[in-house]
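Colleague: The structure that follows is given in the form of structure tokens.
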Amino acid sequence: MAQIGCFVPAKYAKIGVVDKILTRVGASDDLSMGQSTFMVEMMEVANILKEATQNSLVILDEIGRGTSTYDGLSIAWAVATYMADKEKCGAKTLFATHYHELTKLENNVEGIKNYSVAVKEKGEDVIFLRKIVKGGTDESYGIHVARLAGVPKDVLKDARDILKSLERKSMLGEKNMQKEEQKVAVGQLDMYNYKLAEIAHELDKINVNELTPIDAMNILVKLKESAS
């Protein structure tokens, strides 16, 4: 805004010169050309990734919509890390997303910082304060927004019930996965201990003083096969 001569609504701003402003905001399609909303989004993202430099200002809104959750998250994750990488891009980037998993990037990727919209909860009511604060969030307020938009109460109630069910299944899934991983680890350890015991038993039967070099080599080969 300052660079094009506009007023900047801030008490203080340290602004560097940018060579171009690249944005991917909103949703649109071109069905007459066989391009879905997601295809248009990806084409815009592709153009930005090719054109952006370290001196560019990039504004990205909700990368990864219009496909499966894991697909969308994977694309958003890869784009965010690419933009932050100074050797590949390093552009000044504002990246808006609802994928909570991306907040972890702050700890793993240099240059990425989390900011979120401040929210005040009062009972079942949520007040959006229209203020940006430092730090990420692990909360989503989609159902609250749906209520503010006038979605019928019956639909909202069903949505809450479904959300609780999905969250329960997700938690159970994570716990079961951890249990399975532990079982595999224990099973591997038990098998490993069994093989060690078997090898130790074979070694006890050997009289080292009576072994010829070729006998020692044959025994070593046999023990190696037992351990594998």
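Colleague: Just the residues that are without any contact (Cβ under 8 Å) to a residue 12 or more places away in the chain and among the aliphatic types (A, V, I, L, M), please, taken from segment 74-93.
Modeller: Matches in segment 74-93: 78 only.
Colleague: Right, next: Return yes when residue 72 is assigned by TED's automatic domain parsing to the domain that holds residue 49 and on the phi > 0 side of the Ramachandran plot and no when it is not.
Modeller: No.
Colleague: While we're looking at this one, here's another question. Quick one: which residue in 32, 74, 116, 28 is over 24 Å from residue 137 (Cα atoms), of a type in the set (S, T, N, Q), at pLDDT below 95 and not in a loop (DSSP other than H, G, I, E, B)?
Modeller: Going through 32, 74, 116, 28 in turn, the sole match is 32.
Colleague: Same structure again: Would you mention how many residues in segment 11-32 are surrounded by 10 or more Cβ atoms within 10 Å (Cβ to Cβ), within 24 Å of residue 54 (Cβ to Cβ) and not hydroxyl-bearing (Ser, Thr, Tyr)?
Modeller: 8
Colleague: While we're here: Can you list residue pairs whose Cβ atoms sit under 8 Å apart, with the first residue in segment 97-116 being under 16 Å from residue 73 (Cα atoms) and the second being hydroxyl-bearing (Ser, Thr, Tyr) and part of a loop (DSSP other than H, G, I, E, B)? Count only pairs 6 or more apart in sequence or on different chains.
Modeller: Once the first residue is under 16 Å from residue 73 (Cα atoms) and sits in segment 97-116, its partners that are hydroxyl-bearing (Ser, Thr, Tyr) and part of a loop (DSSP other than H, G, I, E, B) give 98/140; 100/137; 100/140; 103/137.
Colleague: To continue, here is another question. How many residues are buried (at least 18 other Cβ atoms within 10 Å of the Cβ) and closer than 19 Å to residue 70 by Cβ if we restrict to segment 83-98?
Modeller: Matching residues across segment 83-98 total 2.
Colleague: What's the total number of residues in segment 132-154 that are of a type outside the set (A, V, I, L, M, F, W, C) and either modelled with pLDDT of 90 or more or over 25 Å from the mean Cα position of the chain (by Cα) (or both)?
Modeller: Matching residues across segment 132-154 total 7.
Colleague: Of 71, 61, which residue is free of Cβ contacts under 8 Å to residues at least 24 places away in the same chain and within 13 Å of residue 42 (Cα to Cα)?
Modeller: Among 71, 61, only 71 is free of Cβ contacts under 8 Å to residues at least 24 places away in the same chain and within 13 Å of residue 42 (Cα to Cα).
Colleague: Taking segment 144-165, which residues are among the basic types (Lys, Arg) and closer than 17 Å to residue 127 by Cα?
Modeller: Correct list: 147 only.
Colleague: Inspect segment 36-52 for any residue being surrounded by 15 or more Cβ atoms within 10 Å (Cβ to Cβ), of a type in the set (D, E, K, R) and free of Cβ contacts under 8 Å to residues at least 12 places away in the same chain and give the result as yes or no.
Modeller: Scanning segment 36-52 turns up no residue that is surrounded by 15 or more Cβ atoms within 10 Å (Cβ to Cβ), of a type in the set (D, E, K, R) and free of Cβ contacts under 8 Å to residues at least 12 places away in the same chain.
Colleague: Note down all Cβ pairs under 9 Å where the first residue falls in segment 191-215 and is within 11 Å of residue 226 (Cα to Cα), the second is among the basic types (Lys, Arg) and modelled with pLDDT of 75 or more, and they're at least six residues apart or on different chains.
Modeller: From segment 191-215, the pairs are 202/222.
Colleague: For segment 84-113, which positions are in a loop (DSSP other than H, G, I, E, B) and either more than 20 Å from residue 58 (Cα to Cα) or of a type outside the set (Asp, Glu) (or both)?
Modeller: Those that are in a loop (DSSP other than H, G, I, E, B) and either more than 20 Å from residue 58 (Cα to Cα) or of a type outside the set (Asp, Glu) (or both): 86, 88, 89, 90, 91, 97, 98, 99, 109, 111, 112, 113.
The values are calculated or read from the model by the stated rules, or taken from the named source; none is laboratory data. Keep in mind that what you see is a predicted model, and the values were worked out from it rather than measured. Backbone-built Cβ (ideal geometry, glycine too); neighbour counts: all protein chains shown.
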